[in-house]
Amino acid sequence: MDYENFKEQFIEQLQEELYGKGVEARFDTKAVEKLNNEGYDAVTVTPAESNIGVTGYAFFEVENNEKVSVVVEGIWRF
């Protein structure tokens, strides 16, 4: 699976996990540039009726074999 497909699948799984907890949200991705020329992709999760969301570097965790459900629990605790 290429990286773009991975990101799409990750967001779909994240939506399902949160929806199962009763949370409806918007999901956005963006490239974050760092000063040392190394950047990363971030995902922002914003509750449906809010303008404030949480942005995380979740792709890295899942790429390193962390389960999506564990990442969701981390977001949920935030």
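Here are the numbers for the structure shown:
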quantity	calculated
Search result, residues across segment 29-42 that are in contact with a Lys or Arg (Cβ under 8 Å, 6 or more places away or on another chain) and either basic (Lys, Arg) or touching a residue at least 24 places away in the same chain (Cβ under 8 Å) (or both)	Asp41
Residues (over 15 Å from Gly56 (Cα atoms) and of a type in the set (Val, Ile, Thr)) located in segment 15-37	Val23
Matching residues, segment 1-28, being over 10 Å from the mean Cα position of the chain (by Cα), in a helix (DSSP H, G or I) and touching a residue at least 12 places away in the same chain (Cβ under 8 Å)	Phe6, Glu17, Leu18
Of all residues making up segment 8-22, the number that are within 17 Å of Thr46 (Cβ to Cβ) and either at pLDDT below 85 or touching a Phe, Trp or Tyr at 6+ places or on another chain (Cβ under 7 Å) (or both)	7
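The values are calculated or read from the model by the stated rules, or taken from the named source; none is laboratory data. On a predicted model such as this, the values are computed, not experimentally measured, just so you know. Ideal geometry is used to build each Cβ from the backbone, glycine not excepted, and the neighbour counts take in all protein chains shown.
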